[in-house]
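Report on the structure given below.
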Amino acid sequence: MTTSATYPLFCMGNPLLDMQVRSPELLQKYNLKPNDAILASKDQMVIYDEIVRDHNPTYVAGGAAQNAARAAAYVLPENSVVYTGCVGKDVLANTLRSANQREGVASAYQVTTEENTGACAVILTDHNRSLVTTLRAAEKFNKSHLSSPAILPLVDGAKFYYVGGFFLTHGTESALEIAQKASNSGKVFALNLSAPFIPQFFKVQLEQVLPYVDILFGNESEAESWANANGLSKPTDLPAVALALAKLPKSNASRPRTVVITSGSEATVVATSDSDDTKTYSVNKLSDEQIVDTNGAGDAFAGGFMGAYVSGKSVPECVEVGHKLGAMCVGQIGPQLAWPKQQVLQ
Ligand code: 26A
């Protein structure tokens, strides 16, 4: 990144290269759920070599927040989105940089020589995707990067922030720094729950960040996981769970918290802290033939929503843009959108 410009939307997460394969056998062999996102256990670490050796994977830029950043850039004017995370000094990182550049995201990576760039094995079966991640360089991200001379102006210059819940596996201090800055200056901080294991196993970290969250994204299984971890009586009642999340204490009282829970092809639920009612927004179901794979669909939704939000659109309009980009992503291989660019924001 060579520019000193500032960008309205600052995103942070784990930059990963996705390695996609379609293989029910791999699900079985590595004991994976068809639809999940996990960190690879020691025993599962051999999956990456096996995929390269035997499965001819498709490589695509991934990393949940980075996917969302590219989706936001899709609907915004040039120079609107910057993304940070930690990569290695390798060709994987170059692939990610190229995708960002092509799609209008400025890469403000921290670069480590200690590890290679992270990777995610994406095992596709039917319309499901199982994500198995090795973070490598991504978990070497250091909070000092955020106050380094090149990055600090980008942090301070932004007006909207988007952080992946996945980042809380190692980077809670950095997430808190951004979240608190945003809250103290009345800017908008958005977080994605990212995966069921985040509210389950990173409950404390999530609790630390939630008071600063203005916009919270999640899907039905993440909402259920949060509800279970917090003892809610009806963990599958999405409107009730969304409302409970919206009503959690909030540090910046100048605007309500908005909680947006997607549910695949079922309706999206939105709750806000200033109301006891929730709203639902139906989703246009795609036919089987229109579905390529579902990897990155939730990120495309969140990124589309954020892009529209940054443009000053209302929440119903943001949901509509999110639905459009989610559907568009499902029609492409992996976390990608349709090119040449289609006009999404009116
Ligand atoms: C910490 N973990 C497990 C992760 C991820 C992740 N991004 C950040 N951290 N595990 C999977 N992903 C990404 O999620 C996208 C789909 O939503 C994958 O790289 C994939 O592109």
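The values are calculated or read from the model by the stated rules, or taken from the named source; none is laboratory data. Predicted, not measured: the structure shown is a model, and the values here were computed from it. When we count neighbours, we look across all protein chains shown, and the Cβ atoms used for this are built from the backbone with ideal geometry, even at glycine.
Looking at the stretch 32-44, which of the residues that are surrounded by 12 or more Cβ atoms within 10 Å (Cβ to Cβ) and not in a strand (DSSP E or B) is nearest to the ligand (Cβ to nearest atom)? So that I can check it myself, show each step before the final result.
Start the filter on the stretch 32-44 by keeping residues that are surrounded by 12 or more Cβ atoms within 10 Å (Cβ to Cβ), which leaves 32-40, 44.
Filter once more, so that each one left must be not in a strand (DSSP E or B): 32-35, 40, 44.
On the way: Leu32: 12, Lys33: 13, Pro34: 14, Asn35: 11, Ala40: 9, Gln44: 12 Å.
The qualifying residue nearest to the ligand (Cβ to nearest atom) is Ala40.
Cβ-Cβ contacts under 6 Å between residues 6 or more apart (or on different chains), taken from a first residue in the stretch 320-338 that is more than 16 Å from Gln20 (Cα to Cα) to a second residue that is within 14 Å of the ligand (Cβ to nearest atom) and not in a helix (DSSP H, G or I), are listed as Met328/Leu337. For beta carbons closer than 7 Å, sequence separation of 6+ or different chains, a first residue in the stretch 54-76 that is on the phi > 0 side of the Ramachandran plot and a second that is modelled with pLDDT of 95 or more and within 12 Å of the ligand (Cβ to nearest atom), the qualifying pairs are Gly63/Gly13; Gly63/Asn14; Gly63/Pro15; Gly63/Leu16; Gly63/Gly85. Can you confirm whether the stretch 211-223 contains a residue that is polar (S, T, N, Q), under 16 Å from the mean Cα position of the chain (by Cα), assigned to a helix (DSSP H, G or I) and modelled with pLDDT of 95 or more? Looking through the stretch 211-223, at least one residue is polar (S, T, N, Q), under 16 Å from the mean Cα position of the chain (by Cα), assigned to a helix (DSSP H, G or I) and modelled with pLDDT of 95 or more. Considering the stretch 137-161, and only residues there that are of a type outside the set (Phe, Trp, Tyr), buried (at least 23 other Cβ atoms within 10 Å of the Cβ) and within 15 Å of the ligand (Cβ to nearest atom), the residue that is nearest to Ser80 (Cα to Cα) turns out to be Ala138.
Within this structure, Asn79 fails the test of being of a type outside the set (D, E, K, R) and either free of Cβ contacts under 8 Å to residues at least 24 places away in the same chain or within 12 Å of the ligand (Cβ to nearest atom) (or both). Selection within the stretch 109-136: residues that are surrounded by 15 or more Cβ atoms within 10 Å (Cβ to Cβ) and aliphatic (A, V, I, L, M). The member of this set that is nearest to the ligand (Cβ to nearest atom) is Leu131.
List the helices (runs of 4 or more DSSP H) inside the stretch 230-331, counting only whole elements, that have at least 3 residues being within 16 Å of the ligand (Cβ to nearest atom).
Result: 297-310, 315-330.
Is there a residue being among the small types (Gly, Ala, Ser), modelled with pLDDT of 95 or more and away from the ligand (no atom under 16 Å from the Cβ) anywhere in the stretch 55-67? Scanning the stretch 55-67, I find no residue that is among the small types (Gly, Ala, Ser), modelled with pLDDT of 95 or more and away from the ligand (no atom under 16 Å from the Cβ), so the answer is no.
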